[in-house]
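Visitor: Below: one structure in structure tokens.
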């Protein structure tokens, strides 16, 4: 991966680190391409059983689009009439969110600072968010005369409800870590000095867990949010059959009977 995004796999955990702290981890084209490739690699790698998405520095998780680069790209669009700048949603943001949300393994976001715009969207796409007590969230889009992207128009209403989501989208403001916890945006709030260690502990624990079951749980929740009870019951039957035939299920049952701690294989 490029220097703008660091990628490391260790003991079943893929750690993806946004690495532009001098720019508050703003997303220029190079960072978007590298992040897209990293999350896709982690999602597709069978050796990876959990993903930790984090960022370098203390000020920001990700402030979204790099507006300094964006200004130049918009000017080039006006000169050549190409209109290519906004294709970044289709080429970069959408694939990143789809890979995070659709990964058949848990994704933990460690939010160390400001998460704004697409940065907020990426955090919401993760399955679990551990947030530093000094971090903030901001939708930001309306503040620069744009609409929502990075899946936030789908994820945010499902996390906090459509009325509150509309309020935060129409009237962007900083949401503190404590308010984010109260709204359900943050799953856990910790001191900034403890964030990385806590996030790694959670992510590594998930990396040692029953991966097939975790993938099924993610799929069932996503399915149930947009289908009827009857359809969801059928999906649960399908997914439970899959999980029940996994090696990890057999390991878990034997360990339970023998009063031992299971050692999962992730298959």
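Visitor: Of the conditions (1) surrounded by fewer than 19 Cβ atoms within 10 Å (Cβ to Cβ); (2) in contact (Cβ under 8 Å) with a residue 60 or more places away in the chain; (3) closer than 26 Å to residue 103 by Cα, residue 67 fails just one. Which one is it?
Guide: For residue 67, the failing item is (3).
Visitor: Next question. Looking only at segment 27-62, which residues are crowded, with 24+ Cβ neighbours inside 10 Å and either free of Cβ contacts under 8 Å to residues at least 60 places away in the same chain or outside the structural domain of residue 131 (by TED's automatic domain parsing) (or both)?
Guide: Of everything in segment 27-62, those that are crowded, with 24+ Cβ neighbours inside 10 Å and either free of Cβ contacts under 8 Å to residues at least 60 places away in the same chain or outside the structural domain of residue 131 (by TED's automatic domain parsing) (or both) turn out to be 38, 55, 60.
Visitor: Here's something else I'd like to know. What number of residues within segment 183-194 are within 27 Å of residue 161 (Cβ to Cβ) and in a helix (DSSP H, G or I)?
Guide: Number satisfying all stated conditions: 1.
Visitor: Is it the case that some residue within segment 237-250 is farther than 20 Å from residue 127 by Cα, part of a helix (DSSP H, G or I), in contact (Cβ under 8 Å) with a residue 12 or more places away in the chain and over 26 Å from the mean Cα position of the chain (by Cα)?
Guide: yes
Visitor: Same structure, new question: Identify, please: which residue in segment 58-100 is touching a helix residue (DSSP H, G or I) at 6+ places or on another chain (Cβ under 8 Å) and part of a loop (DSSP other than H, G, I, E, B) and is, among those, farthest from residue 144 (Cα to Cα)?
Guide: 58
Visitor: Something else about it: Looking for something touching a helix residue (DSSP H, G or I) at 6+ places or on another chain (Cβ under 6 Å), surrounded by fewer than 23 Cβ atoms within 10 Å (Cβ to Cβ), touching a residue at least 40 places away in the same chain (Cβ under 8 Å) and part of a helix (DSSP H, G or I) - is there at least one such residue anywhere in segment 162-180?
Guide: No, there is no match, as no residue in segment 162-180 is touching a helix residue (DSSP H, G or I) at 6+ places or on another chain (Cβ under 6 Å), surrounded by fewer than 23 Cβ atoms within 10 Å (Cβ to Cβ), touching a residue at least 40 places away in the same chain (Cβ under 8 Å) and part of a helix (DSSP H, G or I).
Visitor: Within segment 228-235, does at least one residue satisfy the condition of being part of a loop (DSSP other than H, G, I, E, B), modelled with pLDDT of 95 or more and either farther than 17 Å from residue 102 by Cβ or in the same structural domain as residue 17 (by TED's automatic domain parsing) (or both)?
Guide: yes
Visitor: Just for segment 209-235: of the residues that are under 25 Å from the mean Cα position of the chain (by Cα) and surrounded by fewer than 16 Cβ atoms within 10 Å (Cβ to Cβ), which one is nearest to residue 104 (Cα to Cα)?
Guide: Among those residues, the one meeting the criterion is 217.
Visitor: Being surrounded by fewer than 24 Cβ atoms within 10 Å (Cβ to Cβ), touching a residue at least 60 places away in the same chain (Cβ under 8 Å) and not in a loop (DSSP other than H, G, I, E, B) is the filter here, so list the residues in segment 119-161 that pass it.
Guide: 128, 144, 158
The values are calculated or read from the model by the stated rules, or taken from the named source; none is laboratory data. Computed from a predicted model, the values in this text were never measured in an experiment. Positions of Cβ are generated from backbone atoms using ideal geometry, with glycine treated the same way; all protein chains shown enter the neighbour counts.
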